[in-house]
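**Student:** A single structure is presented below for examination.
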Amino acid sequence: MHELIRKSAREVVALLAARQVSPLELIDLAAERIAATDGPVNALPTRCYERARERARVLMAHPPKSPPPGFLHGLPIAIKDLSDVEGVRTTHGSPIFADTIATRSDIRVETLERQGAVVIAKSNTPEFGAGAQTFNEVFGTTTNPWNTRLTPGGSSGGAAAALAAGQVWLATGSDLGGSLRTPASFCGVVGLRPSIGRVACGPTALPFQTLAVNGPMGRSVGDVALLLDAMAGRHALDPLSLPAPATPFQAAVDEPLPPRRIAYSTTLGLCPVAHEVAEICRRAAFRFTEFGTAVVENCLDFGPAEDTFQTLRGALFAALRAPLLKTHRDKLKPEVIWNIEHGLALTAERICAAERERGALYQRTATFFQTYDLLATPTAVAPPFDHRLRYLEEVEGERFATYISWIIPTFAVTLTGCPAISIPCGFTASGLPVGLQLVARPGAEAELLAAARLFESLDNLDRALPIEPRTPGTIA
């Protein structure tokens, strides 16, 4: 593995800024690494190297005189295959769009390219990002580099797997119910779900929806802060988007301040958690006491979180995808059909009740964060599982009601609108990564990143990556 592949994104961007390495060299290195590792992993099925080289040459010929915070200076990145990149195939993981070439880039990509990013590939995703296991009928299944017999999670599974294998230094993802956080946990990387509006999205038919967001993934907290600086900012096409902060997010990780008080809950009062995962995460959360932080076992009252989320998510799916059910039902996977039909069958009364429940949860959330700086919990209820399973059906003898019920620790947090991050916090006895989810009050990404960086400094688990993909003889 080349020494530049091992370096953090921030280190490589510093080399790019000093012109000690060129974007073209990095594109070639990344292409070599993808060729060497993607066979068993299938993380980046769509590559656009020539487009990347053209963009890199333009950037090299016209470097900015005063680069803004988060400028990437030609760093190669991967974009999730739910985002349009002009001139590049965008499938959404669906046979319906298998041959679609985007005629323009979406806001996320335009923003990143203005910030000096060079897109070299699209990362694999389940169909329309539906589900926390990354497989589809267009590109097949993405596997976990820690054990290629297992899943990397989803829906940003391709992004997380590519980072773990050292194929790219940074990657984008999206998160409705946990799609940035679950794969981060399963692959031992860092995934941040930002506050609503922190990263401008679109153009979209539903610009006022507040469940799905886009955000950064990286191999370290500092790298995620860098990418968030590159992604953040106001855009006219996103009515909910926020201005970029006056102080870069990277400042929070360079001089991190410890939180005063953290609440920890294993189950959030909502779900079973595999015993080994529970023990690893509980020990991890209480390590914050090493910084003088008070850690208390307590939890926000999430109320009927599953019914609330499933109702609002169903309504969102119906609004976005119902036309496809009429015209392409035969090409949709069963879970997507279920989601759309569930949404179409909802009554106005049930949707209104869910909106009221979410409003009440937000009020409880605001009160909770008057006492606590952070809420900590396991990111996922179990370690990575067999990639041949469409979803996790049970944990500790308890069965889940739907194909996404097992990701309730992340989708319950989605309802609050709070920023949340998954950071590596340990390994199972069989060597699989486990993630700790940290949640902060809305808008508090800087405080969240600072706490995550402090925790990362305890054991420097980010240095475990990248790895060579591993295929054990038996599933751990």
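The values are calculated or read from the model by the stated rules, or taken from the named source; none is laboratory data. Just so we're clear, the structure is a prediction, and the values are computed from it rather than from any experiment. Don't worry about glycine lacking a Cβ; one is built from the backbone with ideal geometry, like all the others, and counts go over all protein chains shown.
**Student:** Report, ordered by the first and then the second residue, all pairs with beta carbons closer than 8 Å, sequence separation of six or more or different chains, a first member in segment 262-284 that is within 18 Å of Phe411 (Cα to Cα), and a second member that is assigned to a helix (DSSP H, G or I) and among the β-branched types (Val, Ile, Thr).
**Tutor:** Once the first residue is within 18 Å of Phe411 (Cα to Cα) and sits in segment 262-284, its partners that are assigned to a helix (DSSP H, G or I) and among the β-branched types (Val, Ile, Thr) give Leu268/Ile408; Leu270/Ile408; Cys271/Ile408.
**Student:** Sticking with this one: With the condition kept exactly as written, say whether any residue in segment 272-287 is within 30 Å of Cys425 (Cβ to Cβ), in a loop (DSSP other than H, G, I, E, B) and not hydrophobic (A, V, I, L, M, F, W, C).
**Tutor:** Yes, some residue in segment 272-287 is within 30 Å of Cys425 (Cβ to Cβ), in a loop (DSSP other than H, G, I, E, B) and not hydrophobic (A, V, I, L, M, F, W, C).
**Student:** Restricting attention to segment 8-24, report how many residues are of a type in the set (D, E, K, R) and buried (at least 16 other Cβ atoms within 10 Å of the Cβ).
**Tutor:** Number satisfying all stated conditions: 1.
**Student:** While we're looking at this one, here's another question. Just checking, does segment 108-116 include any residue being among the charged types (D, E, K, R) and more than 22 Å from Leu176 (Cα to Cα)?
**Tutor:** First pass over segment 108-116, keeping only residues among the charged types (D, E, K, R): 108, 110, 113-114.
If we keep only those that are more than 22 Å from Leu176 (Cα to Cα) too, we end up with 113-114.
Yes - at least one qualifying residue is present in segment 108-116.
**Student:** Just to be sure I understand, how many residues within segment 419-467 are closer than 13 Å to Val189 by Cβ, surrounded by fewer than 24 Cβ atoms within 10 Å (Cβ to Cβ) and in contact with an Asp or Glu (Cβ under 8 Å, 6 or more places away or on another chain)?
**Tutor:** Total satisfying the criteria: 2.
**Student:** So, one more: Out of segment 242-268, which residues are surrounded by 18 or more Cβ atoms within 10 Å (Cβ to Cβ) and assigned to a helix (DSSP H, G or I)?
**Tutor:** Of everything in segment 242-268, those that are surrounded by 18 or more Cβ atoms within 10 Å (Cβ to Cβ) and assigned to a helix (DSSP H, G or I) turn out to be Phe249, Gln250, Ala252, Val253.
**Student:** Is it fair to say Ser185 is touching a strand residue (DSSP E or B) at 6+ places or on another chain (Cβ under 9 Å) and either modelled with pLDDT under 95 or within 21 Å of Thr90 (Cα to Cα) (or both)?
**Tutor:** no
**Student:** While we're here: Do we find a residue being surrounded by fewer than 19 Cβ atoms within 10 Å (Cβ to Cβ) and either farther than 24 Å from Pro67 by Cβ or not assigned by TED's automatic domain parsing to the domain that holds Leu374 (or both) anywhere in segment 218-236?
**Tutor:** Scanning segment 218-236 turns up no residue that is surrounded by fewer than 19 Cβ atoms within 10 Å (Cβ to Cβ) and either farther than 24 Å from Pro67 by Cβ or not assigned by TED's automatic domain parsing to the domain that holds Leu374 (or both).
**Student:** Can we say Thr311 is out of contact with any Pro (no Cβ under 6 Å at 6 or more places or on another chain) and either more than 18 Å from Thr410 (Cβ to Cβ) or in a helix (DSSP H, G or I) (or both)? Talk me through it step by step, then tell me what you get.
**Tutor:** Details: out of contact with any Pro (no Cβ under 6 Å at 6 or more places or on another chain): yes; either more than 18 Å from Thr410 (Cβ to Cβ) or in a helix (DSSP H, G or I) (or both): yes.
Yes.
This table checks each residue for (1) closer than 30 Å to Pro95 by Cα; (2) more than 22 Å from the chain's Cα centre (by Cα); (3) aliphatic (A, V, I, L, M).
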{"position": "Arg313", "(1), (2), (3)": "yes, no, no"}
{"position": "Leu325", "(1), (2), (3)": "yes, yes, yes"}
{"position": "Val336", "(1), (2), (3)": "yes, no, yes"}
{"position": "His342", "(1), (2), (3)": "yes, yes, no"}
{"position": "Ala345", "(1), (2), (3)": "yes, yes, yes"}
{"position": "Ala354", "(1), (2), (3)": "no, yes, yes"}
{"position": "Glu357", "(1), (2), (3)": "no, yes, no"}
{"position": "Ala360", "(1), (2), (3)": "no, yes, yes"}
{"position": "Tyr372", "(1), (2), (3)": "no, yes, no"}
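Residue by residue, here is whether (1) closer than 30 Å to Ala14 by Cα; (2) out of contact with any helix residue (DSSP H, G or I) (no Cβ under 7 Å at 6 or more places or on another chain) holds:
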position: Ala36; (1), (2): yes, yes
position: Leu44; (1), (2): yes, no
position: Arg57; (1), (2): yes, yes
position: His62; (1), (2): yes, yes
position: Lys80; (1), (2): yes, no
position: Val88; (1), (2): yes, no
position: His92; (1), (2): no, no
position: Ala98; (1), (2): no, yes
